[in-house]
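Below is one structure, written out as structure tokens; comments come after it.
No lab work stands behind these numbers, since they all come straight from the coordinates. A quick note: this is a predicted structure, and the numbers were derived from the prediction, not measured. Every residue, glycine as well, gets a Cβ built from its backbone with ideal geometry; the counts of neighbours run over all protein chains shown.
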Amino acid sequence: MSKRTIVSMPGDGIGKPVLDETIRVLEAAGFEANYVEGDIGWEFWRSEGNPLPQRTLDLLAEHKIGLFGAITSKPKDEAFDELDPKLQAKSLVYSSPIVGLRQHFGLDICLRPCRTYKGNPLNFIRRAADGGVDEPGVDVAIFRQNTEGLYGGVEWSNPPEQVHEALMTHPKFVSNFGDTPVEEVSVSTRIFTKKATERILRAAFEHARKYDYKSVTVCEKPNVIRETSGMMYKMAQQIQKADFPNIELWNTNIDAQMMWLTKNPENYGVIVAGNMFGDIVSDGFAGLIGGLGFACSAQYNPETGIGVFEPTHGSAPKYADYPVSIVNPIAMVESACMMLDFIDEQAIATKIRIAVATVVAEGKVQTYDMAKMTGRADVVEKGAASTTEMADAIIAKL
């Protein structure tokens with residue numbers, strides 16, 4: 001039987017070291033695959049004017065499964081300034097390649113699990129009623145709609161005449177912005193469709209049923225953003241009533257949720273939200289389990305079988321220049337485990353997760369974040385594990 005081919009996309013900054021070490025872990029665990037590297041990221045924007053070349057899209061279309069490291073994205077003007085001068089006259093505009101990848105392949109379902117590792121010194125703690133310390137266990141699965149909403153990319157500065165005229169048909173635009181000169185107006189849209197909203201809601205409910213979560217929480221803002229958030233909550237009510245009556249449906253506003261997640265995080269099971277609010281609440285819960293060094297994600301299209309698996313941390317370019325990589329690879333390793341789940345290699349995924357959990361619980365090998373150090377080049381000399389040493393420890397437990 002031929003080996004599966006995985007498209008490895010290291011991207012920018014720390015993406016390469018965490019992905020390289022993760023592939024070592026996969027191989028040590030017995031996962032056999034061929035890896036082909038896909039070009040993506042800032043250097044391809046600067047040199048080619050395209051951070052997501054067609055050749056990378058072709059690779060993923062052919063092989064369907066991708067592991068992605070991290071991406072650097074900068075504001076519009078900074079992106080233009082770093083573009084090769086030969087390309088600056090072509091009116092090119094930078095856009096995030098990972099967002100482009102999601103939209104091109106319709107990777108509209110994003111799953112971001114946040115689970116407590118026992119013994120992690122970065123776990124959230126709170127004051128107990130008796131004056132002691134309480135460490136609640138967190139086990140939350142966040143479903144984020146990945147292709148629509150505020151990240152849909154439908155926006156303008158100084159909107160064209162037909163767009164401005166359309167906006168002027170809305171009485172609230174007229175009363176609040178009607179007297180504002182059009183050249184002073186910037187507009188970013190928040191578009192939800194029923195098809196995509198139903199898909200993410202059903203994915204959340206099905207996950208809750210499969211893994212015995214008692215509740216699904218819609219985390220939006222329907223009392224203010226009435227049309228989009230309101231539509232999502234109304235559809236959730238209909239789906240829950242018709243197909244998932246044994247799973248409780250909860251409704252929270254994103255602002256209140258960010259307060260409650262530090263009061264009673266153990267109460268939440270599956271959370272579902274649109275793009276921006278899902279991004280926010282998943283980072284909030286990630287902070288309770290140790291930060292972005294432990295935050296993994298999957299984004300996939302169930303119809304095509306295409307999936308991309310990535311940590312949710314950024315490219316941290318300052319760390320990429322250190323002579324020894326110091327960053328925590330666990331988020332990338334866990335993302336690879338999600339890939340294994342997706343392609344029905346659960347036994348290998350379980351073996352890796354047990355190894356990671358054992359290393360964390362023992363506490364003998366800790367990257368700088370786990371050791372609560374500032375991320376400087378000399379942390380390894382001071383006792384923190386390097387990226388490679390953490391991967392070595394995981395491999396040893398396999």
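What to note about this one:
- Subset of the range 61-98 [touching a residue at least 40 places away in the same chain (Cβ under 8 Å) and surrounded by 19 or more Cβ atoms within 10 Å (Cβ to Cβ)]: Lys64, Ile65, Gly66, Leu67, Phe68, Gly69, Ala70, Ile71, Thr72, Tyr94, Pro97, Ile98
- Failed item, numbered, when Arg353 is tested on (1) assigned to a helix (DSSP H, G or I); (2) crowded, with 22+ Cβ neighbours inside 10 Å: (2)
- Matching residues, the range 155-186, being surrounded by 11 or more Cβ atoms within 10 Å (Cβ to Cβ), touching a residue at least 12 places away in the same chain (Cβ under 8 Å) and not in a loop (DSSP other than H, G, I, E, B): Glu155, Trp156, Ser157, Val163, His164, Leu167, Val182
- Residue count for the range 109-145 satisfying the condition of being within 21 Å of Trp250 (Cα to Cα) and of a type outside the set (Val, Ile, Thr): 13.
- Checking each residue in the range 32-63 for being assigned to a helix (DSSP H, G or I) and aliphatic (A, V, I, L, M) picks out Leu57, Leu59, Leu60, Ala61.
- Within the range 187-196, the set of residues being outside any loop (DSSP other than H, G, I, E, B), touching a residue at least 24 places away in the same chain (Cβ under 8 Å) and out of contact with any helix residue (DSSP H, G or I) (no Cβ under 8 Å at 6 or more places or on another chain) comprises just one member, Ala196.
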